[in-house]
1. Residue separation times 0.36 nm, minus the C-alpha to C-alpha distance between Lys246 and Phe7: what's the value?
2. What is the distance, in nm, between label points placed 7 Å from the Cα along the Cα-to-Cβ direction at Ser49 and at Arg222?
3. Calculate the spin-label point distance for Phe41 paired with Val130, positioning each point 7 Å from the Cα along the beta-carbon direction, and give it in nanometres.
4. Would you mind classifying the range 2-184 by shape? Square roots of the alpha carbon gyration tensor eigenvalues, ordered a ≥ b ≥ c; an a/c under 1.5 is rounded, otherwise it is prolate if a/b is larger than b/c and oblate if not.
5. Among the listed pairs Lys46/Lys87; Lys233/Lys265; Lys93/Lys233; Lys99/Lys334; Lys159/Lys338, which are separated by more than 20 Å between their Cα atoms?
6. Between the range 350-409 and the range 158-218, how many Å separate their Cα centres?
7. Ordering Val218, Val185 by how much accessible area each has at a 1.4 Å probe, largest first, what is the list?
8. Quick one: order Trp30, Trp47 from most to least accessible surface, probe 1.4 Å.
Amino acid sequence: MFVTHSFRIPYDPLIYKQLRNMQREAASVWNDIVREATSYFFTFKKWLSKSDIQAARKGSYNLHSQTVQAIVDKYDANRQTTRKLRKSDKKIKYPWKEKYYYCIPLKQASMDISDETIGIKKAEYRLSLVDFVTKKKKKNWNEKFPKRNEQVIIPNLAKEPLKNCKYAEIVWKNGAYWFHYSIKVQEKDLSSLPLCPAGADLGEIHAVTVATENKALVVSGRAIRSISQFRAKVMANLQKKMSRCKKGSRQWKKYNTAKKRIRQKSSNQLADLEHKTTKEVILFLEKENVTNLVIGRVGGIEKNTKKDKKKKSKTTKVRRQQLSLWNQGKIKQKLTYKAKLKGIKVEETEESYTSQTCPFCHGRHKTNGRPFKCSVRKTEIHRDVNGAQNIARKRYPMEVNTQLEVIFKQPVWYKRYLSKNNHNQLRCKSIARRMA
Ligand SMILES: [Zn+2]
């Protein structure tokens, strides 16, 4: 299985300037491809094939030919997914926007990797003025585009050996350049273990609930929720203030910077918490020797509100905040790849009625409040644990255990986490206060 790891390229004015230029060049490759492929389509009503674009686009940019090819690959992949998505949603557009910067994709041939450094190859096609003047004086000079191969050297800070790295990207993120590289990691083999299914239920108050037949883990999502609520509140506040300013004015710009900074800080904090939450879950799954994990498909709520206009108008401010369920998508994604690395097979299933189905009498009850109560047998079970088990039951048989052991965990102990990350949190708050 391939995983992507990254490291931050330490700031060096020269390297950063070169990378910036390369990004611009990459953007111009992208823009040219988009423009030409689109106009080709409108004249001939046919798609320009990938190899045609690659042949036409090679050898005229100040980038390594493999990098240009990788950009074409990316364009083609983008086109394919758009085509697939457009079958269900006609609003999705093919790439059209002009870009000023584009990430720098690198294939194996366009990198020169040693233990200490990574050389990023690029071609320099344009003549310098000095070259031009001196060479033009010679009479027998007739070459058009003399190519000069150059390299941008960045330090190799990867923790793994990069010898077999086939693909990497240089990306601008959080005010710095990052080197993202994909490497092959051996998956664990669990085929010798007996089948042990578990279900996972993603929620808001309990970020993740996983349950096997006899044991369950509930990881709190309150820390995540508190950060997303804080962010939503501050963002709304700033947005309101910005609407009163003239767009582009000094005050407007101040608010905009504050907004960007808070968005960045909180998304870093959220990513951190998501990693910690999923780590707990994976540790639990490993300990219990789980072989198959069933996850419910999330995102139903968003769809309903989009479809049903009456419902949409009813959504209050609070509800809309809750609707930012993308968090769950991220947790699910992290959970999936981490489970895969441990050799656990991940399956998806639709989660209709899983929170209502009663394990004791096999009927359905509407739930009020936290514990799930069976009105027939007068027994109780943790609501989310029941949901998680029911999700697993959609694929595998699972007995009902009344002596189920439930472990409760926090991704972090929030108070200690706050004091440790006090700086960040306070900074976010102080920005918010200053702008108030
Ligand atoms: Zn019941």
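The values are calculated or read from the model by the stated rules, or taken from the named source; none is laboratory data. This structure is a prediction, so every number in the text was calculated from the model and none was measured. Every residue, glycine as well, gets a Cβ built from its backbone with ideal geometry; the counts of neighbours run over all protein chains shown. Accessible surface is based on the protein model in full, side chains and every heavy atom, while ligands, DNA and RNA are left aside. Shrake-Rupley method; radii C 1.70, N 1.55, O 1.52, S 1.80 Å.
1. Additional length available on full extension: 82.1 nm.
2. 6.2
3. 4.6
4. On the way: a/c = 2.05, a/b = 1.11, b/c = 1.85.
Judged from the Cα gyration tensor, the range 2-184 comes out oblate (a/c at least 1.5, b/c at or above a/b).
5. As for pairs spanning more than 20 Å Cα to Cα, those are Lys93/Lys233; Lys99/Lys334.
6. First find each Cα centre; the distance between them is then 28 Å.
7. These residues rank, largest area first, as Val185, Val218.
8. Values: Trp30 10, Trp47 80 Å².
Of Trp30, Trp47, the descending order of accessible area is Trp47, Trp30.
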